[in-house]
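First comes the structure, then the notes that go with it.
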Amino acid sequence: MPNRETSGVGSLPVVIILSVALGVLVLGLGVKALTRTQGLLEDQRAIESFNTLVEQAHAVSSGGIGTKRYFSLDLPNGEILVDGRLVQLEVGGEIRRSEVLPLPISGYGKGERIRSGSYSLTLVAYRFDDNATLVESLRLEEM
């Protein structure tokens, strides 16, 4: 008849192996969840920055000539594409948001990109010599 004290010692390596395997599994799931959460937080910061640009464009457009606003954009994993009045948030090669601004952003041609940084947005007007038409636009400058 086996001794009760020695039978418990024999199963100790199995218990240790199972504990280590379970610990590695839980650690792997935790790291994966943290990585995904960090990516979602970066996406949210990019969306908030995009919304900031759109809000500032609306605020400046409704002001008078020379109205200026200062703001910062935090786009850790994205860029804002500009095509005149159309602005789009691109994150990871995918368009996440699109907006049409009240006035075009001058100096930014089709496909130009805005990245993280501090900016000023000013309402400017141009008068063409051939006619008396006054054209308004937004001038975005990196600080």
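Taken together, the values in this text are just the output of simple stated rules run on the coordinates, not laboratory data. As the structure is a computational prediction, the values presented were derived from the model and not from experiment. Quick reminder, even Gly has a Cβ in these numbers, built from the backbone with ideal geometry, and neighbours come from all protein chains shown.
Can you list the residues of the stretch 89-114 with backbone N under 19 Å from a point 7 Å past the Cα of Val135, pointing along Cα to Cβ? Residues 101-112 fall inside that zone. Computed across the chain, the Kirkwood radius stands at 19.0 Å (inverse of mean 1/r, all Cα pairs).
Remark: the stretch 12-143 carries a charge dipole of roughly 320 debye about the Cα centre, counting +1 on each Lys and Arg Cβ and -1 on each Asp and Glu Cβ. In the elastic network of the chain, a GNM with C-alpha springs shorter than 10 Å, the most mobile of Arg115, Arg127, Arg96 is Arg127. Sites listed here are chymotrypsin sites (Phe, Trp or Tyr not before Pro) in the stretch 60-143 whose DSSP assignment is loop and whose Cβ has at most 13 other Cβ atoms within 10 Å: Phe128. Stretching Ser120 away from Met143 to a fully extended chain increases their span by 7.6 nm, per 0.36 nm per residue minus the current alpha-carbon distance. Rounded to 0.05, the FRET efficiency of the Val100 and Val31 pair, given R0 = 35 Å and the Cβ-Cβ distance, is 0.30. Look at the dipole of the chain built from charges on Cβ: of Ala46, Val82, Phe71, the Cα furthest out on the positive end belongs to Ala46. Per-residue ellipticity at 222 nm, computed for the chain from helices alone with -39500 (n - 2.57) per DSSP H run of at least four residues, works out to -14500 deg cm²/dmol. If you line up the long axis of helix 12-61 against the longest principal axis of the chain, both from Cα atoms, how many degrees apart are they, to the nearest 10? With both axes taken from Cα atoms, the answer is about 10 degrees. What the Cβ-Cβ distance of Leu18 and Gln38 gives, at R0 = 22 Å and to the nearest 0.05, is a FRET efficiency of 0.10.
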